[in-house]
1. Give the residues of the stretch 1-33 that are out of contact with any helix residue (DSSP H, G or I) (no Cβ under 6 Å at 6 or more places or on another chain), among the charged types (D, E, K, R) and within 16 Å of the ligand (Cβ to nearest atom), sorted by residue number.
2. Among the residues of the stretch 107-143 satisfying the criterion of being out of contact with any helix residue (DSSP H, G or I) (no Cβ under 7 Å at 6 or more places or on another chain) and within 12 Å of the ligand (Cβ to nearest atom), which is farthest from Val224 (Cα to Cα)?
3. Identify, please: which residue in the stretch 34-55 is within 15 Å of the ligand (Cβ to nearest atom) and under 15 Å from the mean Cα position of the chain (by Cα) and is, among those, most open to solvent (accessible area, probe 1.4 Å)?
4. Does any residue of the stretch 95-112 turn out to be open to solvent by less than 50 Å² (accessible area, probe 1.4 Å) and farther than 22 Å from Gly27 by Cβ?
5. Which one is least open to solvent (accessible area, probe 1.4 Å) among residues in the stretch 71-87 that are away from the ligand (no atom under 16 Å from the Cβ) and not in a loop (DSSP other than H, G, I, E, B)?
6. Using the structure shown, decide if Leu4 is under 27 Å from Ser205 (Cα atoms) and open to solvent by 40 Å² or more (accessible area, probe 1.4 Å).
7. Please enumerate the residues belonging to the stretch 211-228 that are open to solvent by less than 70 Å² (accessible area, probe 1.4 Å), hydrophobic (A, V, I, L, M, F, W, C) and assigned to a loop (DSSP other than H, G, I, E, B).
8. Can you tell me how many residues in the stretch 190-210 are open to solvent by 80 Å² or more (accessible area, probe 1.4 Å) and more than 22 Å from Val141 (Cα to Cα)?
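The values are calculated or read from the model by the stated rules, or taken from the named source; none is laboratory data. Bear in mind that the values here come from a model prediction, so they are computed numbers and not experimental data. Backbone-built Cβ (ideal geometry, glycine too); neighbour counts: all protein chains shown. Please note that ligands, DNA and RNA were not included when accessible areas were found on the heavy atoms of the full protein model with its side chains. Shrake-Rupley method; radii C 1.70, N 1.55, O 1.52, S 1.80 Å.
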Amino acid sequence: MEDLKQVAAREALKYIQAGSTIGLGAGSTIAHLIHYLKEDAALLQSITTVTSSYNTQLLLQEHGFTIKEIGGVSRLDLYFDGCDQFDRQLNALKSGGGIHTREKLLAAMADKFIIIGDGSKYVDQLYVTYPVVIEVIPEAVPFVLLQVKKVFSTVNPVVRISNKKDGAVITENGNLLIDLWFTTFPPVDTINPQLKAIPGILETSLFYQMAQEAVVAGKTGVEVIRRV
Ligand code: 5RP
């Protein structure tokens, strides 16, 4: 049986027009979208892709897509990405991948940012199941750990450690990641302004009011949610 992420990916395919430049994020739902795209040889030949993800890039290369470097583009027609969790206002947490700085850049470049996923990710309000992740320049880590505890009374900040090698996870930008585990989630509109005010924090994994639409597949069918 087709899983719900596949269903959402197949629906997302309908947005892509010949000749467009599209951004693609990370994860299994995006891999399904690439699978459907490669089945339409004419569409595959006509589009240009840009990706925030190393694994997605490998997949695009394998199937012969035209790929541009992020630094070579300033706008996209569409950006598709999955997420860990998103709410009714389409605020999304994209915390698991640790590549949110590039993902946010591509989302901001796009005329339309569309979240795709299965219904398990859709919640009334963002909840503490996932951390808010911050990318931090290495020299600022001790300072940032201190500051976030001063700003948020309900946070436990933890430097992300690799489970494949000894030491911290290092991002593509040479920085570290700190997972901010909240016991109670602060008001969602206050999180980014407070974090971005702390010197040394490059970007957060909270995508506040960035997505225009979400394509969500549930047991009863596909729903398209638009931000109002
Ligand atoms: C990671 C992400 C990914 O897009 C998300 O994990 C996608 O997951 P899935 O495999 O369910 O498509 O935001 O931070």
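1. Glu2, Asp3, Glu11
2. Let us first name the residues in the stretch 107-143 that are out of contact with any helix residue (DSSP H, G or I) (no Cβ under 7 Å at 6 or more places or on another chain), namely 107-112, 115, 120-125, 127-131, 137-143.
Within this subset, residues satisfying the condition of being within 12 Å of the ligand (Cβ to nearest atom) are 107, 115, 120-121, 130-131.
Details: Ala107: 18, Ile115: 10, Ser120: 15, Lys121: 14, Tyr130: 24, Pro131: 26 Å.
Checking each candidate, the answer is Pro131.
3. Within the stretch 34-55, the subset within 15 Å of the ligand (Cβ to nearest atom) is 34-36, 51-55.
In the following step, the residues that additionally are under 15 Å from the mean Cα position of the chain (by Cα) were identified as 51-55.
On the way: Thr51: 11, Ser52: 6, Ser53: 10, Tyr54: 165, Asn55: 113 Å².
Within the stretch 34-55, the match that is most open to solvent (accessible area, probe 1.4 Å) is Tyr54.
4. Scanning the stretch 95-112 turns up no residue that is open to solvent by less than 50 Å² (accessible area, probe 1.4 Å) and farther than 22 Å from Gly27 by Cβ.
5. Step one: list which residues in the stretch 71-87 are away from the ligand (no atom under 16 Å from the Cβ), which gives 71-77.
Checking which are not in a loop (DSSP other than H, G, I, E, B) leaves us with 71-72, 76-77.
Working: Gly71: 83, Gly72: 55, Leu76: 0, Asp77: 48 Å².
Across the stretch 71-87, the extreme among qualifying residues is Leu76.
6. Details: under 27 Å from Ser205 (Cα atoms): yes; open to solvent by 40 Å² or more (accessible area, probe 1.4 Å): yes.
Here the answer is yes, as Leu4 does meet what is asked.
7. Of the residues in the stretch 211-228, the ones open to solvent by less than 70 Å² (accessible area, probe 1.4 Å) are 211-218, 221-222, 224-225.
Remaining after also requiring hydrophobic (A, V, I, L, M, F, W, C): 211, 214-217, 222, 224-225.
If the condition is that a residue be open to solvent by less than 70 Å² (accessible area, probe 1.4 Å), hydrophobic (A, V, I, L, M, F, W, C) and assigned to a loop (DSSP other than H, G, I, E, B), then Ala211 is the only one that fits.
8. Final tally of qualifying residues: 1.
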